[in-house]
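What follows is a set of notes on a single structure, which appears directly below.
The values are calculated or read from the model by the stated rules, or taken from the named source; none is laboratory data. Predicted model only: the values in this text are computed from it and were never measured. FYI the Cβ positions are ideal-geometry reconstructions off the backbone, even for glycines, and counts take in every protein chain you see.
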Amino acid sequence: MAERLEILLLDDEPIVGKRLKPALEKSGCKVEVFENPLEAMDRLEQKRFDIVVTDIRMDEMDGLQVLERVLAKWPQTKVIMITGYAMMALARESMEKGAFDFIAKPFRPDDLRRVIAKAAKALGSSIDFNTAGSKQS
């Protein structure tokens with residue numbers, strides 16, 4: 001994968017996208033942020049993303065439903081689940097349904113970047129977040 005990793009970030013809390021998008025873009029990723037899961041699903045019908053990062057607890061549709069729909073349409077996409085409800089049962093269920101990894105809020109952008117680097121490696125790509133993160137914009 002010579003081109004930049006394409007990431008869809010879905011969280012119904014606007015602050016999450018505002019904090020994470022710049023951190024991931026600084027690392028060379030192309031990021032699209034959604035707060036509404038239905039809008040994110042529409043976008044996923046149009047385009048395949050390398051990685052989808054989704055919150056589990058949302059009103060219109062939960063992250064497990066997002067996971068199932070993403071993997072049904074794009075089985076090679078790596079899905080990373082995030083939640084403020086750090087419940088092991090949900091983590092286990094999301095992993096059983098094919099999630100690549102699970103991260104509990106609160107977390108730092110670097111925590112997510114490490115998980116994304118792991119997903120990138122699984123996709124046959126590599127991101128050097130240490131180098132990318134140390135550049136001054």
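Give the range 45-61 a look and list any residue that's surrounded by 21 or more Cβ atoms within 10 Å (Cβ to Cβ) and without any contact (Cβ under 8 Å) to a residue 40 or more places away in the chain, or say none.
Scanning the range 45-61 gives a single hit, ILE56.
Results for (1) out of contact with any Cys (no Cβ under 7 Å at 6 or more places or on another chain); (2) under 16 Å from GLN65 (Cα atoms); (3) loosely packed, with under 14 Cβ neighbours inside 10 Å, shown as yes or no for each residue.
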site: MET87; (1), (2), (3): yes, no, yes
site: GLU93; (1), (2), (3): yes, yes, no
site: GLY98; (1), (2), (3): yes, yes, no
site: ALA104; (1), (2), (3): yes, no, no
site: ARG108; (1), (2), (3): yes, no, yes
site: LEU112; (1), (2), (3): yes, no, no
site: VAL115; (1), (2), (3): yes, no, no
site: ALA120; (1), (2), (3): yes, no, no
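Considering LYS78, LYS121, which residue is among the charged types (D, E, K, R), at pLDDT 90 or above, closer than 20 Å to LYS30 by Cα and out of contact with any helix residue (DSSP H, G or I) (no Cβ under 8 Å at 6 or more places or on another chain)? Before the answer, list the steps.
Values: LYS78 fails: out of contact with any helix residue (DSSP H, G or I) (no Cβ under 8 Å at 6 or more places or on another chain).
Exactly one of LYS78, LYS121 is among the charged types (D, E, K, R), at pLDDT 90 or above, closer than 20 Å to LYS30 by Cα and out of contact with any helix residue (DSSP H, G or I) (no Cβ under 8 Å at 6 or more places or on another chain), namely LYS121.
Residue check, SER27 against (1) at pLDDT 90 or above; (2) of a type in the set (S, T, N, Q); (3) surrounded by 17 or more Cβ atoms within 10 Å (Cβ to Cβ), all met but one. Which one?
Among (1) at pLDDT 90 or above; (2) of a type in the set (S, T, N, Q); (3) surrounded by 17 or more Cβ atoms within 10 Å (Cβ to Cβ), the lone unmet condition for SER27 is (1).
I'm trying to understand the selection: among the residues of the range 11-25, which are in contact with a helix residue (DSSP H, G or I) (Cβ under 8 Å, 6 or more places away or on another chain), within 16 Å of ILE80 (Cα to Cα) and in a helix (DSSP H, G or I)?
Across the range 11-25, the qualifying residues are LEU20, LEU24.
Quick check on my filter: what residues within the range 62-85 are exposed (fewer than 14 other Cβ atoms within 10 Å of the Cβ) and among the hydrophobic types (A, V, I, L, M, F, W, C)?
The answer is ALA72, and nothing else.
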